[in-house]
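A quick write-up on the structure given underneath.
The values are calculated or read from the model by the stated rules, or taken from the named source; none is laboratory data. Since the model is a prediction, treat every value here as computed from it, not as a measurement. Neighbour counts run over all protein chains shown; Cβ positions are idealised from the backbone, glycine included. Only protein heavy atoms, including side chains, enter the accessible area calculation; ligands, DNA and RNA are left aside. Shrake-Rupley method; radii C 1.70, N 1.55, O 1.52, S 1.80 Å.
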Amino acid sequence: MTADELTYGARELIAAAALDDIGDVDDIEWAVRLLAATPTHEGRDPRLLREWARRADEFGSRLAPVPSTALVVERDDGLERMLLARYTSRPPRVELYTDTLALAEELVDARGWRAWYPPGSVRAAALAHEAAHAHLHHGPAKAALKQALGHTVLRLGRHRVAGHVAGAEEVAAHAYARTVCGLRRSPLLLTAALRTALTRPGREN
């Protein structure tokens, strides 16, 4: 995933449970599944993925609120792109896909998840998520996340070089959005529900 295409709805996240069951899957497990479906993690020890997911979630949940100065642009072609929102760094801009936002709100009502995602919180979480991506991309928080994950790629005596963990920033951004928006569940669950709805057999494009 490049810095210019940091997606709120990670394309690799494929729901591994039926729509009726996904609400029973906890937030850390969804983070594990996101990491497991991300390229470079094929064959990784599930216990390691769970540890990375836990640390990334904890890191994101502890981030102080960060302001966003990116221009917000609304679009209506998110369903065909399978995107809820997207941050681009040149120039700093957040694209909000209104059709996917509307579908997300419908799913929240249909699944009885309104206590988890109050009215207006889906949009707020999308904006918060992208603000976290911008913060992690432009500031020292990116290096701090690497340190928090504890993934060592090189040791030189007592020194170590922390490595990048693909997908961890996505997990952290979801945890940040959940925390600053006061949500009872991570937007990862909603992302999984959207993915399931958009890829179900027989869906008309």
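Put simply, the amide H of residue 75, placed in the peptide plane, has neighbours under 5 Å in 96, 97, 98, leaving out anything fewer than 5 places away on its chain. Database remark: amide H of residue 164 closer than 5 angstrom to no amide H (H placed geometrically; neighbours at sequence offset of 5 or more, or on other chains; Pro and chain starts carry no H).
Across all Cα atoms of the stretch 42-104, the radius of gyration (one decimal) and Dmax (whole number) stand at 16.1, 40 Å.
Coupling constants for the stretch 75-85 follow from the phi torsions by the Karplus curve (6.51 cos²θ - 1.76 cosθ + 1.60, θ = phi - 60°), and in residue order they are 9, 10, 10, x, 5, 6, 8, 6, 10, 9, 7 Hz; glycine and proline get x.
Normalised by 2.2 N^0.38 Å, with N the number of residues, the alpha-carbon radius of gyration of the stretch 47-199 equals 1.10. Ligands, DNA and RNA left out, the 1.4 Å accessible surface of the stretch 64-197 is 56% carbon and sulfur atoms. Each peptide in 171-181, 94-104 receives the mean, over its residues, of other Cβ atoms within 10 Å, and ordering these scores from highest gives 171-181, 94-104. Other residues lying with their Cβ under 13 Å from the Cβ of residue 58 contribute a combined charge of +2, Lys and Arg counting +1, Asp and Glu -1.
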